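Colleague: Quick one: structure below, then a few questions.
The values are calculated or read from the model by the stated rules, or taken from the named source; none is laboratory data. Since the structure is predicted, the reported quantities are computational estimates derived from the model, not experimental observations. Here the Cβ positions follow ideal geometry from the backbone for every residue, glycine too, while neighbour counts run over all protein chains shown. All accessible areas refer to the heavy atoms of the entire protein, side chains included, with ligands and DNA or RNA removed. Shrake-Rupley method; radii C 1.70, N 1.55, O 1.52, S 1.80 Å.
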Amino acid sequence: IDRTIERSLMIKKSVVEADERESGLRRVLNFGHTLAHGIESANGMENLYHGECVAIGMVPMCAPEIRNRVVNVLKKLSLPYEFSAQDTETVINACAHDKKLTGKDITVVCAVDIGKFEFRKMPFSEFEAMIRKALIK
């Protein structure tokens with residue numbers, strides 16, 4: 001795990017150094033954060049750590065073909081990957097105030113395959129549907 005953490009930090013460092021103003025590649029570090037910030041806001045930062053919220057937030061941003069693989073990794077690491085349906089409306093309302101929201105559209109980072117991502121601009125209603133479909137069991 002130490003090697004993985006070190007490697008992750010070095011990757012993050014290189015991304016930040018390459019894009020200090022978050023105008024390009026650095027935005028990839030927002031993967032999972034839109035939903036994470038909504039979860040944090042809804043639960044008042046009381047029940048989950050930031051990283052746990054990001055873990056949950058990554059799940060709906062993964063292509064269906066890799067989602068199960070990501071969920072299995074989160075399970076092995078004892079990280080959460082879903083949240084209670086009773087909290088959904090509060091979380092979605094909190095996400096509606098995210099800094100990446102422009103008008104009725106939001107730009108999110110989607111994992112389209114292992115090691116591959118894309119920035120996707122979509123109507124907030126589509127983002128909301130992704131959250132509901134991927135997380136609510």
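Colleague: What are the residues in region 54-79 that are more than 18 Å from VAL28 (Cα to Cα) and either of a type in the set (S, T, N, Q) or open to solvent by 30 Å² or more (accessible area, probe 1.4 Å) (or both), if any?
Modeller: Listed by number, the residues that qualify are PRO64, GLU65, ASN68, ARG69, ASN72, VAL73, LYS75, LYS76, LEU77, SER78, LEU79.
Colleague: For region 1-30, what are the residues that are assigned to a loop (DSSP other than H, G, I, E, B) and open to solvent by less than 100 Å² (accessible area, probe 1.4 Å)? If you could, list the steps in order and put the result at the bottom.
Modeller: So the first thing to find is which residues in region 1-30 are assigned to a loop (DSSP other than H, G, I, E, B), and the list is 1, 19-24.
Scanning region 1-30 gives ASP19, GLU22, SER23, GLY24.
Colleague: Just to check your reading of the model, which residue among VAL91, VAL109 is open to solvent by less than 30 Å² (accessible area, probe 1.4 Å) and closer than 21 Å to MET10 by Cα?
Modeller: Being open to solvent by less than 30 Å² (accessible area, probe 1.4 Å) and closer than 21 Å to MET10 by Cα holds for just one of VAL91, VAL109, which is VAL109.
Colleague: Among the residues in region 63-73, are any at pLDDT 90 or above, in contact with a Gly (Cβ under 7 Å, 6 or more places away or on another chain), under 26 Å from ALA129 (Cβ atoms) and not β-branched (Val, Ile, Thr)?
Modeller: Within region 63-73 (the criterion being at pLDDT 90 or above, in contact with a Gly (Cβ under 7 Å, 6 or more places away or on another chain), under 26 Å from ALA129 (Cβ atoms) and not β-branched (Val, Ile, Thr)), the answer is no, since none of the residues qualifies.
Colleague: Restricting the search to region 31-53, which residues are of a type in the set (A, V, I, L, M, F, W, C) and either open to solvent by less than 20 Å² (accessible area, probe 1.4 Å) or assigned to a loop (DSSP other than H, G, I, E, B) (or both)?
Modeller: PHE31, LEU35, ALA36, ILE39, MET45, LEU48, CYS53
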